[in-house]
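One structure is given here, and the rest of the page talks about it.
Here, each number is a calculation from the coordinates, and none is a lab measurement. Fair warning: this is a prediction, and the values are worked out from it, not measured in the lab. A quick note on method: Cβ atoms are made from the backbone with ideal geometry, for glycine too, and the neighbour counts reach across all protein chains shown.
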C-alpha cells in the first residue's frame, strides 16, 4: 500500500486508514528499539516542526494531530539513547530544524536554525489526501508482528539495563520479575510503565556521546551548563529534568572539555552550584560570555565543575545532596 525506505537498519512502510475516527498522522513502532519521532508540516511559506514523540516497541502514537491538508508532511525518527551500540535512525534528504529536547516551533521554510536548534534529515510522507495515515517503522531483519516487537523490545532494554542473560523466554521472564521487584513495580503494572522504568534504568548505565544529567533526587529540578566554545565562554539553560529521569544536555562528543553545571529547584539555595561564575536568566537562555552579567541585565550565578576525565561521553548524577557520582 506504499513504498518502503530504509536507513541505518530501520524501514518505514505506509498504511492508510479509510474510515478515521480522528484525523491524524500516526507512527507505529515494529522494532525492538524505543523510538522518538518528529514531524514537519509544510504550509508555504512556513514549516511547523514538533517532536519528540516517544513510541515504545509494539506501540503506536500520533505524531501530528489534525486533518492532513497541508502542502507536505515529513517524518524522522531515532532510537533512544538508552540503547547500547550505534544509534539507529530513519530519516531522509530534506533538512528541518529540531531541538534535542521536546519542542514545537514554526519557522519560514528554508530559514536558518535558531541558536538552540540543529538540522536533521526528514523523509516526505505522501498522505494521498487521506484524513488519517499510519506509518510503520521496522528494523532489519523484520519482526513478524507488533507483539513480537514488544517482546523483543523488553529483551533489548533488559540487556541495556544490565541483565546478563535474557537469551530465552524463561530467562527473560525471570529477569523481568527481578526488575519489577527491584523497582517495586506491581506484577500487573502496564507495559507502558515497564518500558518507562526500563528505559530510565538503561539511561543511567549508558554513556552516550555528549553530556547527560540524571536526576537522582525526589523532585524535578532545573539545570544549566557552562562550557567554552572556542575562545569564548557560553552558558545555556534551563533544562527541566524530572525526578528519576535523565536528560541529554549536549549531543555532540565533548572530547574531555570542561563542563560546569548548576542545578536549582525553585526558590532557595541551588541544589548544585560552585565557584565558577556564569550568567543566567530566569527563563530559557543561551548567553555568550560570562563577564559583566549585571551590567548586561543578566544574573550572575555559581557553577560547579564536573570532572569529565577526558571522555567523549559523560553522565552526571545529582541527588538531594548534590553531585553524588558520575560516569
Along principal axes, Cα extents of region 210-326, largest first, whole Å
37, 34, 22
Among 214, 60, 293, residue whose mean-square fluctuation peaks in a GNM of the chain (springs only between Cα atoms under 10 Å):
293
Over what distance in Å are the Cα centres of region 265-327 and region 179-249 separated?
17 Å
Using only Cα atoms, find the angle between the long axis of helix 146-160 and the longest principal axis of the chain, and express it within 0 to 90 degrees, rounded to the nearest 10.
30 degrees
Taking a quarter of the surface of the convex hull around the Cα atoms of region 173-226, what do you get in nm²?
5.2 nm²
Here the relative contact order (percent) of region 146-205, from C-alpha pairs under 8 Å and at least 6 apart, is 42 percent
Using a Gaussian network model of the chain whose springs link C-alpha atoms within less than 10 Å, name the residue from 149, 24, 186 with the highest mean-square fluctuation.
186
Roughly how compact is region 180-278, stated as its Cα Rg over 2.2 N^0.38 Å to two decimals?
1.28
Unit-weight point scatterers at every alpha-carbon of region 86-141, Debye formula, q = 0.16, 0.18, 0.24 1/Å: log10 I(q)/I(0) is -0.70, -0.86, -1.15
Helix 191-205: angle to the longest alpha-carbon principal axis of the chain, degrees 0 to 90, nearest 10?
40 degrees
So the compactness index of the chain, its C-alpha Rg divided by 2.2 N^0.38 Å, takes the value 1.07
May I ask you to compute the full-extension gain from residue 165 to residue 177, defined as 0.36 nm times their residue separation minus their alpha-carbon distance, rounded to one decimal in nm?
3.0 nm
In a Gaussian network model of the chain with springs linking alpha carbons closer than 10 Å, the residue among 65, 244, 159 that fluctuates most is 65
Report, in degrees rounded to the nearest 10, the 0 to 90 angle that the Cα long axis of helix 169-182 makes with the longest principal axis of the chain.
40 degrees
Over the chain, what is the relative contact order in whole percent, taking alpha-carbon pairs under 8 Å and six or more residues apart?
15 percent
By counting other Cβ atoms within 10 Å of each Cβ, how are 129, 83, 151 ranked from fewest to most?
129, 151, 83
At q = 0.23 Å⁻¹, what is the base-10 log of I(q)/I(0) for region 242-281 according to the Debye formula with one equal point scatterer per Cα and no solvent? Please give it to two decimals.
-1.08
At a 10 Å Cβ-Cβ cut-off, how would you order 99, 267, 170, fewest neighbours first?
267, 170, 99
Helical contribution to [θ] at 222 nm, DSSP H n ≥ 4, -39,500 (n - 2.57), averaged over the chain, rounded to 500
-4500 deg cm²/dmol
Looking at the P(r) of region 115-217, how many percent of alpha-carbon pairs lie beyond 23 Å?
48 percent
Could you tell me the center-to-center distance, by alpha carbons, between region 149-163 and region 61-79 in angstrom?
28 Å
Region 146-205: Cα Rg divided by the 2.2 N^0.38 Å rule of thumb
1.01
Fewest-first ordering of 235, 282, 247 by Cβ atoms within 10 Å yields 282, 247, 235
So, relative contact order of region 209-292 in percent, Cα under 8 Å, 6 or more apart, is 35 percent
